[in-house]
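What follows is a short report on a single structure.
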Amino acid sequence: MQLLDSHLHRADIPDSMRHLIMYISRAAKYIHYHLQIGDLGAAGTQNASGEAQMALDVVADKITIDNLMHCRLVNCAASEEQEKEFVCPSCGGTKGEYSVAFDPLDGSSLIDANLAIGSIFGIYKGKGFVGKTGRDQAAALYIVYGPRTCLVYSAGKGVHEFHLNDVGEFTLVRENLTVAETAKVFAPGNLRCVNQNPKYKALMDDWMAKEYTLRYSGGMVPDINHIFMKGQGIFTYPPYPPKYPDGKLRLLFECAPFAYLMEQAGGAASNGSIDILDIKIKDIHQRTPIYIGSKKEVEKAVKGMM
Ligand code: F6P
């Protein structure tokens with residue numbers, strides 16, 4: 001059995017990054033716990049994008065912020081639930097080596113249906129996010145709260161999978177996950193888009209004609225996790241004007257961390273014209289269309305949507 005901490009150690013990940021990832025994994029354990037016992041209903045509040053928050057969104061956000069504050073390694077943090085990025089006072093805004101962008105509980109509308117949900121993290125060196133790109137991430141990770149709680153991280157040395165055991169340790173399941181160039185599984189976000197975009201419809205028709213398998217839950221974390229676990233597949237979320245002219249999903253909190261992990265596993269992620277990792281971050285809540293997964297499938301999807 002290999003624990004997350006010793007895996008990071010053995011992989012020669014810098015101590016500061018190892019500590020930070022351990023603090024994040026600690027937040028994930030508390031979120032996991034609250035998912036078992038917490039209130040599954042609405043919070044009666046809205047997040048920075050005006051979306052209704054679930055009680056667990058608020059709890060997960062607080063747990064994550066508390067852990068990032070306590071670790072004394074984080075200079076600046078940005079949460080999908082908060083309007084602005086914030087400086088961690090314990091680091092005085094100057095000493096912390098890292099900035100962390102996170103979605104504390106993605107897919108929270110699935111909570112009351114007891115479907116899998118997750119948390120997503122992108123870790124950058126230095127202070128802040130605006131002006132950087134996803135390529136500036138030093139590490140990314142996500143956690144899926146499903147039948148098992150699973151953590152997948154990369155700090156630039158492959159993509160590795162851990163499960164939370166009964167005594168609260170993340171233990172190694174598989175190292176060096178890879179994503180094949182071609183796919184047989186598709187996860188089409190916002191299928192309503194076929195009504196307004198004949199290119200998206202043609203893409204769906206092509207995948208169905210080829211008898212690809214549909215694996216779509218409505219949660220980005222479990223849907224992309226499926227690609228990593230099966231080693232192939234594609235997830236899409238196109239532009240959908242006028243409601244979501246740039247797609248629905250956030251660059252900083254959702255797409256950039258997954259793009260980093262996907263490239264590390266040999267896959268690709270595009271916004272339809274450039275790699276997700278090359279998009280300049282202009283606003284922490286900026287959205288982007290996304291085509292992510294098996295490389296050749298992403299290329300085909302991008303070509304089809306042009
Ligand atoms: O960003 C939140 C999210 O729930 C993602 O996890 C998911 O992929 C997407 O929204 C689903 O979008 P829609 O509501 O359009 O189906």
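Close Cβ contacts (under 8 Å, 6 or more residues apart or on different chains) running from residues in the range 104-121 that are modelled with pLDDT under 95 to residues that are part of a loop (DSSP other than H, G, I, E, B) and away from the ligand (no atom under 12 Å from the Cβ) comprise ILE111/LEU40; ASP112/LEU40; ASP112/GLY41.
How many residues are in contact with a Gly (Cβ under 9 Å, 6 or more places away or on another chain) and more than 20 Å from ALA269 (Cβ to Cβ) if we restrict to the range 176-205?
Matching residues across the range 176-205 total 1.
Any residue that is away from the ligand (no atom under 14 Å from the Cβ) and modelled with pLDDT of 95 or more - is there at least one of those in the range 218-228? Yes: the range 218-228 contains one or more residues that are away from the ligand (no atom under 14 Å from the Cβ) and modelled with pLDDT of 95 or more.
Assess whether TYR260 counts as being crowded, with 23+ Cβ neighbours inside 10 Å and either away from the ligand (no atom under 16 Å from the Cβ) or more than 17 Å from the chain's Cα centre (by Cα) (or both). Criteria met by TYR260. Residues in the range 67-118 that are among the polar types (S, T, N, Q), assigned to a loop (DSSP other than H, G, I, E, B) and in contact with a helix residue (DSSP H, G or I) (Cβ under 8 Å, 6 or more places away or on another chain): GLN82 only. Note on the range 178-217: residues that are within 16 Å of the ligand (Cβ to nearest atom) and out of contact with any Cys (no Cβ under 8 Å at 6 or more places or on another chain) amount to 18.
Taking the condition touching a residue at least 40 places away in the same chain (Cβ under 8 Å) and either more than 25 Å from VAL100 (Cβ to Cβ) or in a helix (DSSP H, G or I) (or both), does LYS248 pass? For LYS248, the condition - touching a residue at least 40 places away in the same chain (Cβ under 8 Å) and either more than 25 Å from VAL100 (Cβ to Cβ) or in a helix (DSSP H, G or I) (or both) - is not met.
The values are calculated or read from the model by the stated rules, or taken from the named source; none is laboratory data. Please read these numbers as outputs of a predicted model, since none were measured by experiment. Counting neighbours? That spans all protein chains shown, and the Cβs are built from the backbone with ideal geometry, glycine included.
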